[in-house]
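Structure, as structure tokens:
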């Protein structure tokens with residue numbers, strides 16, 4: 001593992017709850033030299049940067065500033081959290097048109113100043129917006145990544161760990177597809193420290209049945225809505241997810257994460273961004289893994305892809321050709 005020195009990260013939407021929390025988690029990394037926060041809320045952005053700088057005695061030396069797009073020049077990674085936040089009882093898909101408009105203003109500026117960066121899209125609906133960022137930027141597909149179902153997968157690991165009373169880090173599983181209501185758990189791939197979950201349940205005399213699987217997934221699917229209803233927004237866990245993806249890139253970890261990435265000829269899914277296990281390293285998405293799924297899981301994946309494709313056709317593809325850049 002080789003960590004490049006002199007790493008520069010910019011966060012577009014850095015004054016929002018998600019952007020500011022990601023900024024905080026990144027200050028703890030120890031290997032980032034420059035962190036730039038950009039947001040239309042200028043005063044709040046300056047306040048966030050000042051607050052972070054006041055902790056500089058407790059972290060590795062780091063330049064943290066509130067700035068404009070020109071200050072993001074030559075970023076290694078540009079994290080996009082800008083957009084309208086999800087409201088109580090609002091689906092991620094319902095955010096799509098307004099947040100596409102936000103990206104139409106953001107992406108050209110990012111490309112202008114950091115043409116060799118990796119784009120990490122966090123804004124929702126993340127799969128749709130990742131595809132939009134890919135098309136608007138003209139960047140290679142491996143350089144445009146969405147947070148995908150990395151957080152959803154962590155939520156499922158939490159549910160399984162709680163049920164079986166094990167460390168969630170010992171659980172290997174995935175939530176795949178859309179980061180949203182058509183996501184699905186890949187139970188056929190789920191194991192606890194290499195022991196298939198059904199076998200582990202027998203060893204520990206713990207229930208592993210349809211009711212458990214249904215409730216675990218429902219808790220995952222409703223998690224964001226529950227947090228939003230109780231506290232107004234989700235930001236801690238997604239910030240940790242973003243930090244994990246950034247770590248994988250800057251440390252060239254080549255770890256496998258279900259990020260949102262462009263897939264083609266993946267079962268019946270084609271020309272769409274969605275959460276799929278991918279190898280993440282210094283170049284972004286190093287490879288996309290076509291994992292073996294059960295028949296029902298394949299149906300769920302294709303359904304998720306169809307929903308995302310329909311939204312794209314209705315909201316983006318027919319109206320954006322004039323703004324699209326040729327890909328590198």
(message) What are the pairs with Cβ atoms under 6 angstrom where one residue, in the stretch 209-228, is assigned by TED's automatic domain parsing to the domain that holds residue 162 and more than 14 Å from residue 187 (Cα to Cα) and the other, located anywhere, is modelled with pLDDT of 95 or more and surrounded by 11 or more Cβ atoms within 10 Å (Cβ to Cβ)? Sequence gap at least six, or different chains.
(response) 219/159; 223/155
(request) With the checklist (1) surrounded by 14 or more Cβ atoms within 10 Å (Cβ to Cβ); (2) in contact with a strand residue (DSSP E or B) (Cβ under 6 Å, 6 or more places away or on another chain) in hand, flag the one item residue 95 doesn't pass. (result) (2)
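Determine whether residue 30 is outside any strand (DSSP E or B), over 21 Å from residue 110 (Cβ atoms), more than 22 Å from the chain's Cα centre (by Cα) and not assigned by TED's automatic domain parsing to the domain that holds residue 243.
Details: outside any strand (DSSP E or B): yes; over 21 Å from residue 110 (Cβ atoms): yes; more than 22 Å from the chain's Cα centre (by Cα): no; not assigned by TED's automatic domain parsing to the domain that holds residue 243: yes.
Against the criterion (outside any strand (DSSP E or B), over 21 Å from residue 110 (Cβ atoms), more than 22 Å from the chain's Cα centre (by Cα) and not assigned by TED's automatic domain parsing to the domain that holds residue 243), residue 30 does not qualify.
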(message) Please go through (1) modelled with pLDDT of 95 or more; (2) within 18 Å of the chain's Cα centre (by Cα); (3) in a helix (DSSP H, G or I) for residue 102 and return the number of the only condition it doesn't satisfy.
(response) (1)
(message) Out of 108, 196, 168, 115, I need the residue that is outside the structural domain of residue 250 (by TED's automatic domain parsing), surrounded by fewer than 21 Cβ atoms within 10 Å (Cβ to Cβ), out of contact with any strand residue (DSSP E or B) (no Cβ under 7 Å at 6 or more places or on another chain) and farther than 26 Å from residue 94 by Cβ. Which one?
(response) 115
(message) Please go through the stretch 114-132 and give me each residue that is within 24 Å of residue 21 (Cβ to Cβ) and assigned to a helix (DSSP H, G or I), ordered by number.
(response) 126, 127, 128, 129, 130, 132
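Restricting attention to the stretch 213-232, and to residues there that are touching a helix residue (DSSP H, G or I) at 6+ places or on another chain (Cβ under 9 Å) and buried (at least 17 other Cβ atoms within 10 Å of the Cβ), which single residue is modelled with the lowest pLDDT?
Step one: of the stretch 213-232, the residues touching a helix residue (DSSP H, G or I) at 6+ places or on another chain (Cβ under 9 Å) are 213, 215-217, 219-221, 223-224, 226-227, 232.
Still in the running and buried (at least 17 other Cβ atoms within 10 Å of the Cβ): 216-217, 220-221, 223-224.
On the way: 216: 97, 217: 97, 220: 96, 221: 93, 223: 93, 224: 89.
That would be 224.
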(request) Confirm whether residue 287 is part of a loop (DSSP other than H, G, I, E, B), in contact with a strand residue (DSSP E or B) (Cβ under 6 Å, 6 or more places away or on another chain), modelled with pLDDT of 95 or more and within 30 Å of residue 23 (Cβ to Cβ). (result) no
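Determine if the stretch 154-165 includes at least one residue that is under 13 Å from the mean Cα position of the chain (by Cα), assigned by TED's automatic domain parsing to the domain that holds residue 272, under 25 Å from residue 18 (Cβ atoms) and in a helix (DSSP H, G or I). Give the steps one after another, and end with the answer.
Initially, the stretch 154-165 is screened for residues under 13 Å from the mean Cα position of the chain (by Cα), giving 154.
Filter again for assigned by TED's automatic domain parsing to the domain that holds residue 272, leaving 154.
Retained after the next criterion (residues that are under 25 Å from residue 18 (Cβ atoms)): 154.
Checking the rest, the ones that are also in a helix (DSSP H, G or I) come to 154.
Looking for residues that are under 13 Å from the mean Cα position of the chain (by Cα), assigned by TED's automatic domain parsing to the domain that holds residue 272, under 25 Å from residue 18 (Cβ atoms) and in a helix (DSSP H, G or I), one finds at least one in the stretch 154-165, hence yes.
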(request) Hey, can you tell me all the residues within the stretch 170-188 that are on the phi < 0 side of the Ramachandran plot and outside any loop (DSSP other than H, G, I, E, B)? (result) 170, 171, 172, 175, 176, 184, 185, 187, 188
(message) Looking only at the stretch 198-212, filter to residues that are in contact with a helix residue (DSSP H, G or I) (Cβ under 8 Å, 6 or more places away or on another chain) and outside any loop (DSSP other than H, G, I, E, B); which one of those is nearest to residue 155 (Cα to Cα)?
(response) 212
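The values are calculated or read from the model by the stated rules, or taken from the named source; none is laboratory data. For clarity, every value in this text was computed on a predicted model and none was experimentally measured. Backbone-built Cβ (ideal geometry, glycine too); neighbour counts: all protein chains shown.
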